[in-house]
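Single-structure report; data block below.
Nothing in this text is a laboratory measurement; each read-out follows from the coordinates by a stated rule. Being a predicted model, the structure only gives us computed values, none of them experimental. Neighbour counts run over all protein chains shown; Cβ positions are idealised from the backbone, glycine included.
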Amino acid sequence: MKKINLLLVLLAIAGLGNVYAQVNLDSGLVAKYYFNGNADDESGNGNNGTVNGATLTTDRFGNAGKAYSLYGVNDSIVIPDNPSYNFGGSDFTVSFWTISNVGYGTSTFFMGQTNGAGYQPKWALSYDSYWGAPNQIGFRIQTTEDPSTVQWVGVNWTPLSNYLYFFTFKREGNLFSFYQNDTFEQNNLAAIAQ
């Protein structure tokens with residue numbers, strides 16, 4: 001037992017030379033979904049989702065009922081509109097996991113925020129040949145009712161069937177950064193109207 005205690009003390013002393021900032025990952029969080037048998041928001045902000053056609057399935061760790069399968073044209077998880085989803089010109093980060101066992105269509109919508117059709121503030125993450133370019137995954141954002149404010153920034157992507165992907169899209173000012181499976185892919189500059 002003394003050897004273990006000594007080892008812990010040595011590890012503690014060895015770590016004193018390095019000071020790391022504590023990061024609160026929940027600070028500024030708008031929504032967080034663990035899919036613990038439901039689509040409830042775990043951030044405490046009450047942005048709970050309503051499941052339409054999607055079914056619970058096994059997650060990436062093999063845990064049953066911890067992920068949703070959206071297999072169909074109308075399958076979705078709808079979250080009530082909230083002003084905190086209107087990013088406007090502010091910085092933000094959006095991350096999500098996805099896997100496809102049938103491949104993605106030519107216009108696959110992953111998530112987004114809209115107040116309806118037409119030119120108005122909205123955003124979307126999609127694999128798209130309609131809003132963006134063929135074979136790209138990206139972010140479309142419109143910050144005003146002016147059609148000239150629509151921006152698409154994306155990266156080329158050829159999805160593999162039955163492969164798990166983790167995507168992160170981050171905007172700082174006019175710089176969009178894209179990460180796939182925690183690997184930096186590229187930066188794109190986009191003029192975002194304020």
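A Förster radius of 30 Å combined with the Cβ-Cβ distance from PHE92 to ALA64 puts the calculated FRET efficiency at roughly 0.40.
The modelled label-to-label distance between GLN180 and LEU29, using points 7 Å beyond Cα along the C-beta direction, is 2.8 nm. Specify the inter-centroid distance of segment 72-99 and segment 160-178, based on alpha-carbon positions, in whole Å. Distance between centres, Cα-based: 14 Å.
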